[in-house]
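Colleague: Below is a structure I'd like to ask you about.
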């Protein structure tokens, strides 16, 4: 790569979508990924379920295992960011210290709280996970038998029970355009 081409490589950006299971993180991440690709932006999406299947095999749901899963996601996002890739991470990341770790490690970190009331998340649960957690079949399930520490300093909060996914994406893209134009 020439010096001139290298100087054009922008710093990466990580858009970290956090929220309860069923809040809409995956839906929003998919829509945002599509939007950025249409704009010919270098973008990769790291989905929490997919990360667990591929990089987190063998990890459980203890606090330590959850943190290890986040550590791996942060490492991968950092590698992508170093190459100017916008990385969308959609993971529950239930504990504030996990998100604080990601913020410290990723210079282009943008925390987006996908806020949705628990009863609405339960109605969206096509896998029946909440019902299984309430019956005790799934221990340490975030929002039921394990806490979700809602962010108190997210750059943006998207309320998916009040707005359509398309409205939320417009709000997110508008925020990014205004606040991180050098990274888009």
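Colleague: Connecting C-alpha atoms closer than 10 Å in a GNM of the chain, tell me which of 66, 57, 103 has the biggest fluctuation.
Modeller: 57
Colleague: Looking only at 154, 102, 73, which one moves most when the chain is put into a Gaussian network model with springs between Cα atoms under 10 Å?
Modeller: Sorting by GNM fluctuation, first place goes to 154.
Colleague: Sticking with this one: With axes computed from alpha carbons, what is the tilt in degrees of helix 96-105 against the longest principal axis of the chain, rounded to the nearest 10 within 0 to 90?
Modeller: 20 degrees
Colleague: Just want the ordering: 11, 135, 90, from fewest to most Cβ atoms lying within 10 Å of their own Cβ. Walk me through the numbers before you get to the answer.
Modeller: Values: 11 12, 135 9, 90 30.
So the ranking, lowest neighbour count to highest, is 135, 11, 90.
Colleague: Which one of 68, 137, 111 has the biggest mean-square fluctuation once the chain is modelled by GNM with Cα springs under 10 Å?
Modeller: 137
Colleague: Something else: To the nearest 10 degrees, how steeply does helix 63-82 sit against the main Cα axis of the chain, on a 0 to 90 scale?
Modeller: On a 0 to 90 degree scale, this one is about 20.
Colleague: In nm, to one decimal, how far is the residue 63 label point from the residue 131 one, both placed 7 Å along Cα→Cβ?
Modeller: Computed distance between label sites residue 63 and residue 131 equals 3.2 nm.
Colleague: In degrees from 0 to 90, rounded to the nearest 10, what is the angle of the helix 25-38 Cα long axis to the longest principal axis of the chain?
Modeller: 20 degrees
Colleague: How much length, in nm to one decimal, is gained on full extension between residue 50 and residue 171, taken as 0.36 nm per residue of separation minus their Cα-Cα distance?
Modeller: Once the chain is fully extended between residue 50 and residue 171, it gains 41.0 nm.
Colleague: Given the -39500 (n - 2.57) contribution per DSSP H run of 4+ residues, what per-residue ellipticity at 222 nm results for the chain, rounded to the nearest 500 deg cm²/dmol?
Modeller: Computed mean residue ellipticity for the chain: -13500 deg cm²/dmol.
A short reminder: the numbers here are calculations on the coordinates, not readings from a lab. Keep in mind that this is a model prediction, so the values were computed, not measured. Here the Cβ is made from the backbone with ideal geometry for all residues, glycine too, and neighbour counts use every protein chain on show.
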